[in-house]
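*Asks:* Have a look at this one before I ask anything.
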Amino acid sequence: MRCYQRHRGTRNPLSIALRMVATVRHRFWSAVTGADIPLNCSIGGGLLIPHPNGIVIHPDVRIGPNCLIFQQVTLGARNARVPTVGGHVDFGAGAKVLGSITLGDHAVVGANAVVLIDVPEGATAVGIPATLVSA
């Protein structure tokens, strides 16, 4: 993904070829893992995805650095508005984060939680719908 983004704005023949290779590689791994992470996502460095199967990320979602995302996580839109994720945020398996909300730095989203509210810095959100456990 970073290779594609690095060569996206240039018209150099080598950059075009590298962009095509990056696209094919991305499509291959998307098919293998069942993940839907668009090439033009805004993802900070250090994203860790130990089990990438079933992850869905909306193209407009902004993810901060050093986040941890487990399998079957959805970061998506609700009424055409998307979440903003801070740095060092951990998502448990099966978590759903929907709508125009903000997850602060060092927040934790529990497994199978459906988050529809803002999660402040350092807080933990669990349940369906999510409630804050600690702040």
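The values are calculated or read from the model by the stated rules, or taken from the named source; none is laboratory data. Since the model is a prediction, treat every value here as computed from it, not as a measurement. So basically every Cβ, Gly included, is an ideal-geometry build from the backbone, and we count neighbours across all protein chains shown. Accessible surface areas use protein heavy atoms only, side chains included; no ligands, DNA or RNA. Shrake-Rupley method; radii C 1.70, N 1.55, O 1.52, S 1.80 Å.
*Asks:* Within the set of pairs 6 or more residues apart or between chains, which connect a residue that is over 16 Å from residue 104 (Cα atoms) inside region 75-92 to a residue that is open to solvent by 10 Å² or more (accessible area, probe 1.4 Å) and in a strand (DSSP E or B) with Cβ atoms less than 6 Å apart?
*Replies:* Cβ pairs passing all conditions: 76/98; 78/98.
*Asks:* If you scan region 30-64, which residues turn out to be open to solvent by less than 50 Å² (accessible area, probe 1.4 Å) and in contact (Cβ under 8 Å) with a residue 40 or more places away in the chain?
*Replies:* 41, 43, 44, 64
*Asks:* Does residue 30 satisfy being closer than 30 Å to residue 9 by Cβ, at pLDDT below 90 and not acidic (Asp, Glu)?
*Replies:* Yes.
*Asks:* Residue 23 is checked against (1) within 10 Å of the chain's Cα centre (by Cα); (2) closer than 26 Å to residue 9 by Cα and fails just one. What number does that condition carry?
*Replies:* Failed condition: (1).
*Asks:* Residue by residue through region 89-116, note down the ones that are within 15 Å of residue 48 (Cα to Cα), touching a strand residue (DSSP E or B) at 6+ places or on another chain (Cβ under 7 Å) and either among the basic types (Lys, Arg) or open to solvent by 50 Å² or more (accessible area, probe 1.4 Å) (or both).
*Replies:* 90, 108, listed by residue number.
*Asks:* While we're here: Just to be sure I understand, how many residues within region 70-88 are surrounded by fewer than 20 Cβ atoms within 10 Å (Cβ to Cβ) and in contact with a Leu (Cβ under 6 Å, 6 or more places away or on another chain)?
*Replies:* 2
*Asks:* Moving to a separate point now. Determine whether residue 25 is within 22 Å of residue 127 (Cα to Cα), surrounded by fewer than 19 Cβ atoms within 10 Å (Cβ to Cβ) and out of contact with any Ser or Thr (no Cβ under 6 Å at 6 or more places or on another chain).
*Replies:* Numbers: within 22 Å of residue 127 (Cα to Cα): no; surrounded by fewer than 19 Cβ atoms within 10 Å (Cβ to Cβ): yes; out of contact with any Ser or Thr (no Cβ under 6 Å at 6 or more places or on another chain): yes.
No.
Yes or no, residue by residue, for (1) part of a loop (DSSP other than H, G, I, E, B); (2) on the phi < 0 side of the Ramachandran plot:
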site	(1), (2)
11	yes, yes
16	no, yes
22	no, yes
25	no, yes
28	no, yes
32	no, yes
106	yes, no
111	yes, yes
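*Asks:* So, of the residues in region 117-135 that are aliphatic (A, V, I, L, M) and not in a loop (DSSP other than H, G, I, E, B), which turns out to be most open to solvent (accessible area, probe 1.4 Å)?
*Replies:* The extreme case among them is 133.
*Asks:* I would also like to ask the following. Can you tell me which of (1) of a type outside the set (Lys, Arg); (2) surrounded by 15 or more Cβ atoms within 10 Å (Cβ to Cβ); (3) over 26 Å from residue 32 (Cα atoms) is the one residue 67 doesn't meet?
*Replies:* With (1) of a type outside the set (Lys, Arg); (2) surrounded by 15 or more Cβ atoms within 10 Å (Cβ to Cβ); (3) over 26 Å from residue 32 (Cα atoms) applied to residue 67, the lone miss is (3).
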